[in-house]
Amino acid sequence: DVYKRQPYFPLHVYQTGSGTQTNMNVNEVVANLANQNHPGLNVLPNDDVNMGQSSNDTFPTAMNLVATQALDDLKPSVKHLIKEVKVKQDEYWTTVKVGRTHLQDAVPLTFEQELSGYIAALNHDLAYINELEETLYELPIGGTAVGTGLNAAPGMAEDIAERLSRKYGHQFDVKTNKFFGLANHSGLNVVHGALKALAADMFKIAQDIRFLGSGPRAGLGELNLPANEPGSSIMPGKVNPTQAEAVTMACLRVFGNDTTITMAASQGNFEMNVFKPVMIAAFLESANVLSGTISSFANKMIHGLTVNKERMAKDVTDSLMTVT
């Protein structure tokens, strides 16, 4: 049903900064659906659907709501990657390799120990998201135009929060200061900071994997990367780290979105911030690209990854660091 109605929402992200055009678009669609499904009714977009509300409180409420849904979609991808890395831990827990600091040889460690750092980073990132996500549960609905609650029916905001909590499985509330809720979006800003932290850790993991898999003869060659497609149309023997490259590009996009959200969140002049659409668009893009590329990285890179034990053993034997 949602996809069938997408043509009813032709608006672009780059519109009025309060999201008023989107809110009015929604009001019109809801009113039309009500009138179509219940002949004899005369539901009006502004007088009925928008009753006791304003774009200034409904749009930021919707922002927080869809942000939590995006996080709900992202978390399973991270957990799946952790599971795949743990499989490799169990498989190669006795395999010793050369450590590297400053891009130079360092004392040995096991591949299992190296992977444990990845798992710890991802678990920390999930913890950051889970803890900070609660800031999105504070809904500004009921603040109406400037935060005073003018024309809002008593108890309406609380009823909305209770219904949303039941439907989406999060404990939404409307206790937040409404002037803060309309003019500031620090919750969205700080939660995206957790997405940026996840992106930074994913960038490191992807970079490690692709460099450790460099070769086939003149690179580090510690890892055998799964071949998802031909590496080159002209050069033989290449298995390009395409999944790792996809992750790093997605992470760069998240870093850029974080700057956009930070700048947008700082522009709350007086009683309202007028950069709401671009803020939530950037947030959703970050969550979406991370979810997709992390899942693909787990399935098409980590799952098929194997270790070149002979190369690792030779590097340990040849390394001067074993005398430390």
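The values are calculated or read from the model by the stated rules, or taken from the named source; none is laboratory data. Predicted, not measured: the structure shown is a model, and the values here were computed from it. Here Cβ is always computed from backbone atoms with ideal geometry, including for glycine, and neighbour counts include all displayed protein chains.
Selection over the range 241-289 of residues that are part of a loop (DSSP other than H, G, I, E, B) and touching a Leu at 6+ places or on another chain (Cβ under 8 Å) gives a count of 2. Restricting attention to the range 132-141 and to residues that are touching a helix residue (DSSP H, G or I) at 6+ places or on another chain (Cβ under 8 Å) and assigned to a helix (DSSP H, G or I), the residue that is surrounded by the most Cβ atoms within 10 Å (Cβ to Cβ) turns out to be L136. If the condition is being β-branched (V, I, T) and farther than 22 Å from K276 by Cα, then the range 31-52 contributes only V43. Which of the residues belonging to the range 275-301 are aromatic (F, W, Y) and within 8 Å of the chain's Cα centre (by Cα)? Of everything in the range 275-301, just one residue is aromatic (F, W, Y) and within 8 Å of the chain's Cα centre (by Cα), namely F283. If you go through the range 51-75 and pick out every residue that is touching a Ser or Thr at 6+ places or on another chain (Cβ under 8 Å) and without any contact (Cβ under 8 Å) to a residue 60 or more places away in the chain, you end up with 1. Considering only residues in the range 302-324 that are surrounded by fewer than 17 Cβ atoms within 10 Å (Cβ to Cβ) and of a type in the set (D, E), the one that is farthest from the chain's Cα centre (by Cα) turns out to be D318. Pairs meeting the criteria (first residue in the range 205-229 and under 23 Å from V78 (Cα atoms) and outside any helix (DSSP H, G or I), second residue aliphatic (A, V, I, L, M) and at pLDDT below 95, beta carbons under 6 Å, at least 6 apart or on different chains) are L225/V239; A227/V239.
Quick check on the range 142-153. Is at least one of its residues in contact (Cβ under 8 Å) with a residue 24 or more places away in the chain, surrounded by 15 or more Cβ atoms within 10 Å (Cβ to Cβ) and in contact with a Pro (Cβ under 9 Å, 6 or more places away or on another chain)? Among the residues of the range 142-153, at least one is in contact (Cβ under 8 Å) with a residue 24 or more places away in the chain, surrounded by 15 or more Cβ atoms within 10 Å (Cβ to Cβ) and in contact with a Pro (Cβ under 9 Å, 6 or more places away or on another chain), which makes the answer yes. Here S266 fits the description: surrounded by fewer than 16 Cβ atoms within 10 Å (Cβ to Cβ), modelled with pLDDT of 95 or more, small (G, A, S) and farther than 22 Å from F111 by Cα. Checked against (1) in contact with a strand residue (DSSP E or B) (Cβ under 9 Å, 6 or more places away or on another chain); (2) modelled with pLDDT under 95, G231 passes all but a single condition, namely (1).
Let's see how each residue does on (1) among the hydroxyl-bearing types (S, T, Y); (2) part of a helix (DSSP H, G or I); (3) assigned by TED's automatic domain parsing to the domain that holds L223:
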residue: S18; (1), (2), (3): yes, no, no
residue: D47; (1), (2), (3): no, yes, no
residue: P60; (1), (2), (3): no, yes, no
residue: M63; (1), (2), (3): no, yes, no
residue: L74; (1), (2), (3): no, yes, yes
residue: I82; (1), (2), (3): no, yes, yes
residue: Q89; (1), (2), (3): no, yes, yes
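Just one of the listed residues (N23, N42, N35) is in a helix (DSSP H, G or I) and either exposed (fewer than 15 other Cβ atoms within 10 Å of the Cβ) or in the same structural domain as S266 (by TED's automatic domain parsing) (or both), and it is N35.
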